């Protein structure tokens with residue numbers, strides 16, 4: 001995706017709403033830096049991250065991350081990013097920059113970008129209590145000039161997780177969250193392998209399903225397989241489906257009602273298991289059938305607060321099928337920082353319509 005110009009979306013932008021998360025007291029920059037990879041789902045690099053705080057107790061409301069923009073784009077990106085934080089109801093915002101870029105003339109890298117963000121937020125009466133650079137295992141403050149606490153050489157990040165990071169990570173692991181090396185690894189997690197053997201396996205899956213492709217039983221067979229795999233995942237048996245099973249599921253989800261019904265799994269106790277199952281499915285199918293499964297994955301990811309996963313899933317859905325209406329609606333919701341609770345409300349309405357047989 002291109003960097004933001006003339007109203008385009010900032011590259012790699014994603015919001016990560018904080019719903020249903022553990023309550024952890026953050027006591028300083030090391031806690032914030034330690035928790036951010038768990039909130040994002042990957043270790044950020046060359047990124048601008050804003051942590052939106054809200055209320056008298058300064059509870060985290062939202063984490064926003066985007067790729068560092070080109071220098072000429074910094075004012076526009078800072079303006080839009082600050083505006084998003086204000087619309088999210090920010091009372092305070094923490095700013096974190098991740099970059100390996102060198103500074104110039106004794107200044108920290110990307111200081112102009114940080115100044116712009118802080119300035120735009122100040123104009124909206126939103127305070128920035130801290131803005132931090134993370135680079136090479138150290139951190140620097142953009143706002144503090146006291147060499148007693150913020151020396152010019154930076155402060156080493158702790159070798160071991162802080163207690164707050166440990167507590168948050170334990171809760172995240174319990175939800176099935178993993179931290180990937182970077183955003184590219186996250187993108188690859190919803191993309192099939194291009195290795196020759198993997199390509200051949202996917203082609204063979206079409207041959208295996210050939211008798212079903214023109215059969216009226218395809219939808220019912222796909223639905224039955226989905227039920228069996230869903231039950232298996234709920235029991236903790238999370239072996240990946242075969243390529244033929246993944247293809248059958250993806251083909252079945254081309255039926256709009258089947259896709260919508262699966263998206264309502266956001267309301268169920270096994271929502272995380274269904275999300276994981278779909279993650280395995282989309283890694284085993286080619287773009288020609290991937291859009292419905294990717295859209296359902298994005299919906300389930302966003303309703304569970306996994307904004308980065310939702311974004312890469314819906315981006316793949318739209319690469320595969322640019323006209324996919326539901327994927328476009330979901331992307332609009334992600335861009336507009338629609339609360340996950342609103343999507344769950346939609347899921348309840350859809351489930352009621354499906355039960356009533358409404359078209």
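Values quoted throughout were computed directly from the atomic coordinates according to the rules given, and no laboratory measurement underlies them. Quick caveat, the model's predicted, so the values are computed rather than measured.
What to note about this one:
- Shape of segment 271-316, Cα gyration tensor, a/c cut at 1.5: oblate
- Spatial separation of Cα centroids for segment 334-351 and segment 61-118, in angstrom: 28 Å
- Degrees, to the nearest 10: 163-174 long Cα axis against longest axis of the chain: 10 degrees
- For the chain, the longest principal axis of the C-alpha atoms and the axis of helix 271-282 are separated by about 80°.
- Taking each DSSP H run with n ≥ 4 as -39500 (n - 2.57) and averaging over every residue of the chain yields -16000 deg cm²/dmol at 222 nm.
- Fluctuation leader among 330, 218, 160 - the chain, Gaussian network, Cα springs under 10 angstrom: 160
- The chain: antiparallel DSSP beta bridges as a percent of all, rounded to 5: 80 percent
- Share of pairwise Cα-Cα distances greater than 37 Å in the chain is 24 percent (whole percent).
- P(r) histogram, all alpha-carbon pairs of segment 36-190 included - 5 Å bins from 0, percent: 2, 9, 16, 20, 21, 18, 11, 3, 0, 0
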